[in-house]
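Engineer: Before we start, here is the structure in question, set down as structure tokens.
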Amino acid sequence: EDQVTQSPEALRLQEGESSSLNCSYTVSGLRGLFWYRQDPGKGPEFLFTLYSAGEEKEKERLKATLTKKESFLHITAPKPEDSATYLCAVQGTSGTYKYIFGTGTRLKVLA
Amino acid sequence: DTAVSQTPKYLVTQMGNDKSIKCEQNLGHDTMYWYKQDSKKFLKIMFSYNNKELIINETVPNRFSPKSPDKAHLNLHINSLELGDSAVYFCASSLRTGGLDTQYFGPGTRLTVL
């Protein structure tokens, strides 16, 4: 069964303190791995899609990487506005192509 | 120019009532979804329609019935509401045929059953 585990559950960083969020997955054939950001009271906002091991995507202070077993979301020199819950989802190649989400990492960046 | 919109944003109702949530997308997508996010923020797929055809129907009580009148709209009707139905419901859409199938989410509907 397809599965996604995110760690840590929560992370507090000082402004400027770089770190990484982890998304470990098991899937029978990867169609795509997706990163979303969710602010309180809002819907998930799309950040990145990764399709194959070795792929990397960047956007401002965020960089997502992918291996055959996990993905990392690296946050470089974070700012308070980066505080949010970051969600990872995988889409397998079999069946209905549904997304399986992890439980997210709650990131708090302190000024 | 909202891409995926949902109404209402908040819904407070009594147990046993019937309610509907509406979703519309203006992205030209062919696939729409309903998700439930529980108090622990876990997002779980409930239903999906592709070109008005039901393609995903997870283990959801049959009190929940989705309806897709056209590709741009997906509604969720819930009969005989129960306390455990309290959650945030998200609509999403994607372009599955000829697209990257990236899902874009609406702002959510917070349902509270008293």
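The values are calculated or read from the model by the stated rules, or taken from the named source; none is laboratory data. Here the structure is a predicted model, which means the values were calculated and not measured. We place every Cβ from the backbone using ideal geometry, glycine too, and count neighbours over all the protein chains shown.
Engineer: With (1) assigned to a strand (DSSP E or B); (2) in contact with a strand residue (DSSP E or B) (Cβ under 7 Å, 6 or more places away or on another chain) as the list, and A:Glu58 as the residue in question, which single condition is left unmet?
Structural biologist: Here A:Glu58 meets the rest and fails (2).
Engineer: If I ask for residues that are more than 17 Å from A:Gly104 (Cβ to Cβ) and surrounded by fewer than 19 Cβ atoms within 10 Å (Cβ to Cβ), which ones from the stretch A:31-48 would you list?
Structural biologist: A:Arg31, the sole residue that qualifies.
Engineer: For residues in the stretch B:57-74 being out of contact with any Cys (no Cβ under 6 Å at 6 or more places or on another chain) and within 10 Å of B:Met32 (Cα to Cα), which is surrounded by the most Cβ atoms within 10 Å (Cβ to Cβ)?
Structural biologist: B:Ser68
Engineer: Given the conditions (1) surrounded by 15 or more Cβ atoms within 10 Å (Cβ to Cβ); (2) free of Cβ contacts under 8 Å to residues at least 40 places away in the same chain; (3) part of a strand (DSSP E or B), and given that B:Leu54 satisfies all but one, which numbered condition is not satisfied?
Structural biologist: (1)
Engineer: Shifting gears a bit: Taking the stretch A:64-98 as the search range and keeping residues that are out of contact with any Leu (no Cβ under 8 Å at 6 or more places or on another chain) and either crowded, with 17+ Cβ neighbours inside 10 Å or in a strand (DSSP E or B) (or both), which one is nearest to the other protein chains (Cβ to nearest Cβ)?
Structural biologist: Filtering the stretch A:64-98 for residues that are out of contact with any Leu (no Cβ under 8 Å at 6 or more places or on another chain) and either crowded, with 17+ Cβ neighbours inside 10 Å or in a strand (DSSP E or B) (or both), the one nearest to the other protein chains (Cβ to nearest Cβ) comes out as A:Lys98.
Engineer: Does the stretch B:15-28 contain at least one residue that is in a loop (DSSP other than H, G, I, E, B), surrounded by 21 or more Cβ atoms within 10 Å (Cβ to Cβ) and touching a residue at least 60 places away in the same chain (Cβ under 8 Å)?
Structural biologist: no
Engineer: Please state which one of A:Asp39, A:Asp82 is farther than 27 Å from B:Thr31 by Cα, among the acidic types (Asp, Glu) and touching a residue at least 24 places away in the same chain (Cβ under 8 Å).
Structural biologist: A:Asp82
Engineer: Can you run down the residue pairs with Cβ atoms below 6 Å, 6 or more apart or on separate chains, where the first is in the stretch B:99-114 and closer than 16 Å to A:Leu87 by Cα and the partner is surrounded by fewer than 21 Cβ atoms within 10 Å (Cβ to Cβ) and at pLDDT below 95?
Structural biologist: From the stretch B:99-114, the pairs are B:Tyr104/B:Ala3.
Engineer: Given the conditions (1) under 21 Å from A:Pro44 (Cα atoms); (2) within 14 Å of another protein chain (Cβ to nearest Cβ), report the number of the one that B:Ser86 does not fulfil.
Structural biologist: Evaluating B:Ser86 over (1) under 21 Å from A:Pro44 (Cα atoms); (2) within 14 Å of another protein chain (Cβ to nearest Cβ) leaves (2) as the failure.
Table: residues versus (1) of a type in the set (Asp, Glu); (2) under 14 Å from the mean Cα position of the chain (by Cα); (3) more than 26 Å from A:Leu33 (Cα to Cα).
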residue	(1), (2), (3)
B:Gln25	no, yes, no
B:Gly28	no, no, no
B:Ile56	no, yes, no
B:Val60	no, yes, no
B:Leu81	no, no, yes
B:Gln103	no, yes, no
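One line per residue, one yes/no per condition, for (1) part of a strand (DSSP E or B); (2) touching a residue at least 40 places away in the same chain (Cβ under 8 Å):
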{"position": "B:Val12", "(1), (2)": "yes, yes"}
{"position": "B:Ile45", "(1), (2)": "yes, no"}
{"position": "B:Leu74", "(1), (2)": "yes, yes"}
{"position": "B:Leu81", "(1), (2)": "no, yes"}
{"position": "B:Ala92", "(1), (2)": "yes, yes"}
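Engineer: Related question: State whether one or more residues within the stretch B:80-90 are closer than 17 Å to A:Tyr97 by Cβ, crowded, with 19+ Cβ neighbours inside 10 Å, at pLDDT 95 or above and hydrophobic (A, V, I, L, M, F, W, C).
Structural biologist: Checked against the condition, which is being closer than 17 Å to A:Tyr97 by Cβ, crowded, with 19+ Cβ neighbours inside 10 Å, at pLDDT 95 or above and hydrophobic (A, V, I, L, M, F, W, C), the stretch B:80-90 yields no hits at all.
Engineer: Does A:Leu11 satisfy being surrounded by 14 or more Cβ atoms within 10 Å (Cβ to Cβ), in contact with an Asp or Glu (Cβ under 9 Å, 6 or more places away or on another chain), in contact (Cβ under 8 Å) with a residue 12 or more places away in the chain and not basic (Lys, Arg)?
Structural biologist: No: the conditions fail for A:Leu11.
Engineer: When the stretch A:5-63 is examined, which residues are found to be over 12 Å from the mean Cα position of the chain (by Cα), within 14 Å of chain B (Cβ to nearest Cβ) and of a type in the set (S, T, N, Q)?
Structural biologist: If the condition is that a residue be over 12 Å from the mean Cα position of the chain (by Cα), within 14 Å of chain B (Cβ to nearest Cβ) and of a type in the set (S, T, N, Q), then A:Ser52 is the only one that fits.
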